[in-house]
Amino acid sequence: SKVRIYSLAKDLGVDNAKMLEILDGLGVSYKSVSSTIEEDTVELIKQILEEEARDGAPAAAAEAQPQTTPPAQAQAAQPQVNQGQAQGAQPQVAAASSPTATAEREPQVAAAAPAEAEVPHRAPVVTIMGHVDHGKTSLLDYIRKTKVAAKEAGGITQHVGAFEAQTSKGRIVFIDTPGHEAFTTIRARGANVADIAIIVIAADDSLMPQTREAIAHAQAAKVPMIVAINKVDLPQADAERVKTDLTQLNLVPEEYGGDLVVVPVSAKTGEGVEDLLEYISLTAELEDLRADPKAPFSGVIIESRVDRQAGVLATVMVQQGTLHVGDFLVVGEGYGKIKAMTDSAGGRIKEAGPSTPVQVLGFSEAPASGETVLSAKNEHAAREVIGARASDRRDSENARERRKLTLEEMMGELGETRTVNLILRADTQGSVEAIQGILARKESDDVKINVMLAGIGAPTEGDVLLASTAEATILCFSVTPSGGVKKVADTKGVDIKSFRIIYELIDEVDRLLKGNVEPVF
Ligand code: GDP
């Protein structure tokens with residue numbers, strides 16, 4: 001009989017990523033870990049694992065050798081200026097790519113370089129997005145109520161922007177500000193906090209404008225999505241319709257042969273919530289999320305506020321390394337010393353490792369959400385990092401000017417396909433469809449048009465943030481942005497163009513396609 005990949009992995013005591021690696025090696029095709037495989041294949045996999053266990057024995061012994069400590073010390077002794085420079089220029093790349101790269105090489109290098117292969121797994125960070133009233137807050141509340149250990153009496157739960165749920169499959173960190181605004185604000189600064197996006201869709205309402213927006217945001221961030229069809233307890237719930245509607249967006253649920261995980265839930269009765277948590281852990285395992293608690297610290301500001309008594313309270317998500325009370329933190333071109341830390345349940349803590357949200361007391365000014373945070377050994381080192389950043393910024397401002405030209409030249413020479421990213425906003429569904437129809441015919445081999453989001457109504461701040469991260473132009477037909485949205489667009493350098501005549505809008509698209517416009521970096 002057939003077995004599902006993830007249950008086989010569980011039975012054999014290996015992780016899903018390993019199982020998929022073996023299947024790839026065997027040339028067996030699958031859609032996702034929920035796909036089923038034949039019994040013959042199961043036998044083959046068992047044989048491979050047995051062989052590996054025999055051959056792998058000496059490697060395991062080598063791994064067990066005591067690990068040398070000097071590298072960690074050497075790292076700690078170095079002022080963290082280098083890292084500051086590297087990360088200042090490219091906040092996420094260094095932190096995000098190295099653990100993954102290590103993980104991929106793991107089987108081969110395990111014996112040779114044990115220290116490198118031992119970067120431990122970290123808990124996934126999850127964000128919940130979706131249309132208003134579809135149940136984002138209720139779902140977060142249900143999970144918090146059932147999965148967060150009760151604190152000591154007298155503790156006041158205060159909003160810190162994230163919480164940690166304990167599940168049978170391990171810890172899951174939830175970003176507590178539902179909606180994609182928070183997600184995109186953080187991303188707009190170059191940071192990616194969420195590993196997985198849960199798109200909540202009410203079973204009695206199906207896909208709505210903000211559902212599409214949430215999906216566009218997750219896709220733009222290349223964050224894996226899980227759909228939670230909520231309110232399945234309602235008599236008028238129609239989960240099948242939601243699935244069919246998703247298919248029209250080219251998001252095909254697993255049971256229809258696609259690879260989108262769809263979980264029916266009720267935030268009211270709790271039905272399906274366990275399944276949802278399990279799928280989150282499964283997805284996290286596939287993503288093979290790792291971070292080294294011994295590496296130099298880096299994190300991201302989730303949110304911050306000024307408390308009249310306590311002063312500035314900032315929630316920091318630890319992404320790698322470990323944060324200690326007394327550390328100096330550098331954010332942007334400012335710094336602070338950690339006077340006190342609390343975990344998301346309000347308990348005092350002295351240190352915090354990867355994928356832990358902590359509320360930190362010690363900044364003199366409230367840092368903005370999405371800012372990258374690094375630590376320095378002492379005040380002197382903190383100042384050095386800031387100094388390095390300031391000169392870095394000046395350098396990159398100069399370099400940007402130069403790079404603009406070379407990139408344009410390169411594209412001209414290589415004849416590479418260009419993609420023009422657009423966000424469309426119009427007064428009616430009819431106009432949206434009409435414009436999309438015309439745009440589809442404008443594509444050529446050289447230039448592709450990617451409509452990231454097409455919606456009814458005036459552009460929102462979220463659109464501007466999405467446009468800013470994706471270098472998209474916002475085109476409006478018969479709708480105009482509010483003053484506030486225009487202002488954000490100005491500061492982010494995002495173009496919003498409004499038209500009342502469809503052909504003028506199309507002319508603008510033609511100009512964009514010709515590249516007849518200053519590229520935005
Ligand atoms: P949000 O705007 O997405 O955060 O949605 P809320 O969590 O505020 O929920 C909107 C409304 O739907 C509230 O009245 C909730 O009580 C209700 N609601 C949320 N989840 C469920 C559910 O699973 N079943 C039912 N029957 N009602 C729900």
Exercise. Once you put a point 7 Å from the Cα of Arg393 and another 7 Å from the Cα of Ser364, both along the Cβ direction, what distance in nm separates them?
Worked result: 1.6
Problem set entry | Calculated FRET efficiency for the pair Val3/Lys514, C-beta based, R₀ 45 Å, to 0.05 | 0.25
Exercise. Just from the alpha-carbon atoms, what are the Rg and Dmax of segment 423-521 in angstroms?
Worked result: 12.7, 38
For this session: Report ³J(HN,Hα) in whole Hz for each residue of segment 428-442, in order, from the Karplus equation J = 6.51 cos²θ - 1.76 cosθ + 1.60 where θ = phi - 60°; Gly and Pro get x.
Result: 9, 4, x, 5, 4, 5, 4, 5, 4, x, 5, 4, 4, 7, 8
Exercise. Within straight cross-link reach of Lys18, meaning Cα distance under 23 Å, which lysines are found once same-chain residues fewer than 8 apart are removed?
Worked result: Lys2, Lys10, Lys31, Lys46, Lys169, Lys222
Exercise. Roughly how many Å is it from the Cα centre of segment 198-276 to that of segment 278-345, as a whole number?
Worked result: 30
For this session: Give a residue-ordered list of calculated ³J(HN,Hα) values for segment 483-499 (Karplus: 6.51 cos²θ - 1.76 cosθ + 1.60, θ = phi - 60°; whole Hz; x for Gly, Pro).
Result: x, x, 5, 4, 5, 4, 4, 4, 5, 8, x, 9, 7, 10, 10, 10, 9
Exercise. Debye sum, Cα scatterers, segment 309-359, no solvent: what log₁₀ I/I(0) at q = 0.20, 0.29 1/Å?
Worked result: -0.67, -1.36
Problem set entry | Backbone HN-Hα couplings from phi across segment 247-252 [Karplus 6.51/-1.76/1.60, Hz, Gly and Pro as x] | 4, 5, 8, 6, 10, 9
For this session: Sort out for me the Cα centre separation of segment 436-469 from segment 4-42, rounded to whole Å.
Result: 38
For this session: With a cut-off of 18 Å, note down the residues of segment 480-518 whose backbone N falls inside the zone around a label point 7 Å from the Cα of Asp445 toward its beta carbon.
Result: 514
Exercise. Ranked from highest to lowest mean number of other Cβ atoms within 10 Å per residue, what is the order of the peptides 191-199, 244-252, 455-463?
Worked result: 191-199, 455-463, 244-252
Seminar exercise, completed: Hydrodynamic radius by Kirkwood for segment 317-393, inverse mean 1/r across distinct Cα pairs, in Å, is 12.8
Problem set entry | Spin-label proximity, Asp233 to segment 259-294 - amide N less than 19 Å from point 7 Å beyond Cα toward beta carbon | 263-277
Exercise. Under a no-solvent Debye model with one identical scatterer per Cα of segment 227-368, what's log10 I(q)/I(0) at q = 0.19, 0.20, 0.22 Å⁻¹?
Worked result: -0.99, -1.05, -1.20
Seminar exercise, completed: Between Gln219 and Glu471, the FRET efficiency computed from the C-beta separation at R0 = 22 Å comes out, to the nearest 0.05, as 0.90
For this session: Between Glu271 and Ser29, with labels modelled 7 Å along Cα→Cβ, what's the label distance in nm to one decimal, could you check?
Result: 3.6
Seminar exercise, completed: Which residues qualify? For Thr356, with a placed amide H closer than 5 Å and at least 5 residues away or on another chain, they are Val318
Seminar exercise, completed: Probe 1.4 Å, all chains present, heavy atoms only: Lys514 accessible area in Å², nearest 10, is 150
Exercise. Considering amide H positions built from the backbone, and no H for Pro or chain starts, which residues 5 or more places from Asn230, or on another chain, come under 5 Å of its amide H?
Worked result: Ile201, Ala202, Ala203, Val265
For this session: Calculate, in whole percent, how much of the Cα-Cα pair population of segment 434-482 lies beyond 15 Å.
Result: 51
Exercise. Residues with amide H under 5 Å of Ile349's amide H, sequence separation 5 or more or different chain, H placed in the peptide plane at 1.01 Å from N; which?
Worked result: Met341, Thr342, Asp343
Exercise. Can you give the extra length, in nm with one decimal, that the chain gains between Asn250 and Asp490 once fully stretched, where that is 0.36 nm per residue apart less the Cα-Cα distance?
Worked result: 83.1 nm
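The values are calculated or read from the model by the stated rules, or taken from the named source; none is laboratory data. Owing to the predicted nature of the structure, the values given are computational and were not obtained by experimental measurement. Reconstructed Cβ throughout: ideal geometry from the backbone, glycine too, with neighbour counts over all protein chains shown. Accessible surface is based on the protein model in full, side chains and every heavy atom, while ligands, DNA and RNA are left aside. Shrake-Rupley method; radii C 1.70, N 1.55, O 1.52, S 1.80 Å.
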